[in-house]
Amino acid sequence: MAYDRLLLFNRREFVTMIGTSAAAFSLAAGEPSRALAATQVSPTLSLPPLPYAQNALAPYISENTISFHYGKHHQAYVKNTIDKITGSELEKASLEEIIKITAKNSTLSAVFNNAAQVFNHTFYWNSMKPGGGGEPKGKIGKMINESFGNYSAFVTAFSNAAATQFGSGWAWLVLENDSLKVVKTSNADTPVTTQAKPLIAIDVWEHAYYLDYQNRRADYIKAFVEKLINWDFAEKNLLA
Ligand code: MN
């Protein structure tokens, strides 16, 4: 899949385990040792670079928002995931594997929540670009017309999903059974655990918009749709 490239892990490039075998520790047997975690770096996870400068989406999303959202929130999800998998069997799994495995096991929900948020945020950054938004052309534009009737109906469906997600979560444009759909997910939930292929994501956790829009989530959604959506990314995902 196209977004494999975004996923943060490149076993060959990334790092080194310091210390000895982690095999003694297993998530199945409980939380990995903090002391052990502190001495190791996951071979599979790191914070990916932003695909643009931190001020590139202003004025729609400010540098201040991105510095916190990417530099603190996303970074923390990466660190927490690494801390929680280090020394466990999951250490060698890909991010998507970690998400799928932990989604099925409620005792691993803390790992799931952090790992899924790593995926979701990387996907979100790539779902935007400076000068994006508006009606797409290409195969994605054609499929939007086929699936929703027209672009305006897509905008309504996507904006409604993002606006009505109660509390923290996400809205997504996905491909499922050869048709495009809009879905919303709560908290860290992600289409990665479903049959749907994600094409575009908007983060509607308050941390995504509160510094710029305060409680005006609808204004943030409107800016995302009209000025930021990276349709090239959606098209690439669609064709992958
Ligand atoms: Mn977020």
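The values are calculated or read from the model by the stated rules, or taken from the named source; none is laboratory data. Not measured: the values here are computed from a predicted model. Neighbour counts are summed over all protein chains in view; Cβ atoms, including those assigned to glycine, are modelled from backbone coordinates with ideal geometry. We work out accessible area using only protein heavy atoms, side chains counted, and drop any ligands, DNA or RNA first. Shrake-Rupley method; radii C 1.70, N 1.55, O 1.52, S 1.80 Å.
Quick notes
- Efficiency of FRET between Val183 and Glu97 - r from beta-carbon atoms, R0 35 angstrom, step 0.05: 0.95
- Rg/Rh for region 189-240 stands at 1.04; both radii use Cα atoms, and Rh follows the Kirkwood definition.
- Computed packing ranks the peptides 217-230, 196-209, 145-158 as 196-209, 217-230, 145-158, most packed first, by mean other Cβ atoms within 10 Å.
- From the alpha carbon centroid of region 124-171 to that of region 60-100 is 25 Å.
- In the structure shown, the pairs Lys100/Lys227; Lys79/Lys100; Lys137/Lys181 are assessed against 23 Å; a Cα-Cα span above that value is assigned to Lys100/Lys227.
- Overall form of region 173-213 per C-alpha gyration tensor (a/c, 1.5; a/b vs b/c): prolate
- Shape parameters for region 58-131, alpha-carbon atoms, Rg then Dmax in Å: 14.0, 44
- The alpha carbon convex hull volume per residue for region 138-240 rounds to 93 Å³.
- Surface exposure of region 34-173, expressed per residue as accessible area with a 1.4 Å probe, stands at 41 Å².
- Average accessible area per residue (Å²) across region 179-233 - probe 1.4 Å, nucleic acids and ligands excluded: 42 Å²
- Prolate/oblate/rounded label for region 144-183 (Cα gyration tensor, a/c 1.5): oblate
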